[in-house]
Each structure stands twice: as C-alpha cells, then as structure tokens.
Amino acid sequence: MTAFHTPRLVVLVSGKGSNFEAVVQATRSGQIPAQVVALISNRPQAGALERATRLGIPAKVINHQTYPDRTAFDQALMTTIDAYEPDLVILAGFMRILTPGFVEHYLGRLINIHPSLLPQYPGLHTHARALADQVRQHGASVHFVTQDLDGGPVVLQAAVPIQEGDTAERLAERVHAIEHRLYPLAITWFVMGRLRLEHNRATLDGSPLEGPLRLESMTAEASRR
Ligand code: GRF
C-alpha cells in the first residue's frame, strides 16, 4: 500500500508573484489539496522571491542571462524543476518562451494564466490592446501549455467588464484580482484528477471541454445549490 501522496506544485515566475502567493494561500487554506514545493524565477530581482521568503517556500533563481542559449537555459530549468518531482508545473507570469523540448517534457502537467480572454490578445500588453480596441470586456484565461504560444486548450476564463475612463493599470488590477480566484480553482481541479489534457484537448471529469468554462457560471451554479 502506498502512502497518501500530497500533490507537489512548482511555480515559475519572472515578476511580482501575486498569483504565486494566491496559489500558496489557497494550498494553506485547504482549497487546493496540494503543496507548493518551490518557486523558480528567471530574474534575480523578481518581487516574487521576497514573497517566497515571507511565505517560507524554497526559491531558486535560474538566470537566463547566464546561459548561452534558450536550449541550455531550458535544460537547466528542467533539471531544477525535476529535482522537486512536481505533479504540476505552474507558469505564473513567467516571461520566457519555452523550447519545444521543455513543453514536450511537461505536456499535460504544465499550465499558464494569461491576462486576456483567449484566443483574443495572445502575447504582451493585453490590457492596453483591449482598451485601444474599445472592447466591452477583458479578462483572464487558464490554459494547458502546448507548442502553440498562448494557444493551448483553455480550461477556465473570467471576464472583467471594461469601465469608463479605465487605464491599462486600473484594468490590470481588476484582472489580477480575478486571476487570484481563477488559478486556484483550475489547479484544484487538476490536483484532484478532474482536469486533464488528453489528445490535445482539456477534459473535466472525463468529458472533453467544448470551450472554456466561465468562472461567472461556476459561481452562479454554486449559489443555486
Ligand atoms: C498575470 O497577469 C498573468 O496573467 C500574466 O502575468 C501576470 C503575472 O502577475 N501571465 P503576478 O506576477 O502573478 O503578479
């Protein structure tokens, strides 16, 4: 008989780490039945490193600038990640394009959160682009990472209405707030074995998702129960 295994999460960041902290807090409150075993940053100055110290999470810096090329960096990253034996690798504001070898190695156990309603606005500066287009709503998406940049199957999204007089900063703040609810929910489904990547499609409870689930409808459903 094997002992009960607490799923292990490794979080990769480049910046502030507010999503990292939200995930750690969700493991500690019991929402996510898993433990964050490490934070890895590619930037030595990332604010997330201070958060890791405060939260008592082991942190490592793998500085991409000290590697000759992308493949060498990704190799070092993989070696470091694998030493922690994670069940899930979580990208949370990790600003590096990953090599196909890296993505293949973690396929099905690598997820990302992106600040837009994908497939709208892949890439950078999503808040400013949404405002420039005068769209009525923006948001955030959690998706499995595949070879397709910001294009892997989307699992869960939340919309953020655009308000009159919004700036990219104000909009980003509201998107961040929703991300801190969105990411822990998707991670919970994954570690409970409910969410999977099968044949390049996301499945929940064994059924392929026809499209992304919406946090708004989850909340409505929960309040009806
Ligand atoms: C988030 O908006 C996330 O969607 C994007 O990068 C940002 C990271 O923010 N991928 P933080 O470092 O978690 O505060």
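Nothing in this text is a laboratory measurement; each read-out follows from the coordinates by a stated rule. In this text the structure is predicted, and so the values were computed from the model without any measurement. Neighbour counts run over all protein chains shown; Cβ positions are idealised from the backbone, glycine included.
Please state, to two decimals, what the Cα-based radius of gyration of the range 1-100 comes to when divided by 2.2 N^0.38 Å (N = residues).
Numbers: Rg = 13.7 Å, N = 100, 2.2 N^0.38 = 12.7 Å.
Here the answer is 1.08, to two decimals.
Long hydrophobic helices in the chain, taken as whole DSSP H segments with a C-alpha length of 18 Å or more on their own axis and mean Kyte-Doolittle hydropathy at least 0.0: 70-83, 168-191.
Distances between placed amide hydrogens fall under 5 Å for residue 214 paired with 157, all partners being 5 or more residues away or on another chain. DSSP finds beta bridges in the chain, and of those with both partners inside it, around 50 percent are antiparallel.
By definition, a body whose alpha carbon gyration tensor gives a ≥ b ≥ c is rounded when a/c is under 1.5, and the chain falls into this rounded group. Label-to-label distance for residue 173 and residue 60 is 3.7 nm, based on points extended 7 Å past Cα in the beta-carbon direction. Within a 10 angstrom radius of the beta carbon, how do 94, 20, 73 rank from fewest other beta carbons to most? Ascending Cβ contact count within 10 Å gives the list 73, 94, 20.
Using the Cβ-Cβ distance between residue 159 and residue 97 with R0 = 30 Å, the FRET efficiency computed as 1/(1 + (r/R0)^6) comes to roughly 0.65.
For a quick check: sort 74, 82, 150 by the number of other beta carbons within 10 angstrom, fewest at the front. List each step's numbers first, then the result.
Details: 74 22, 82 13, 150 18.
Least crowded to most crowded, the residues run 82, 150, 74.
Between the range 32-50 and the range 145-206, the alpha-carbon centres lie 19 Å apart.
Sort 218, 78 by Cβ crowding within 10 Å, fewest neighbours at the top. Numbers along the way, then the final one.
Working: 218 15, 78 18.
Arranged by neighbour count, lowest to highest, 218, 78 become 218, 78.
Hey, what's the Kirkwood Rh for the range 129-190 if you take every pair of different alpha carbons, in angstrom?
Values: mean 1/r = 0.0790 Å⁻¹.
Averaging 1/r across every pair of different Cα atoms and inverting gives 12.7 Å.
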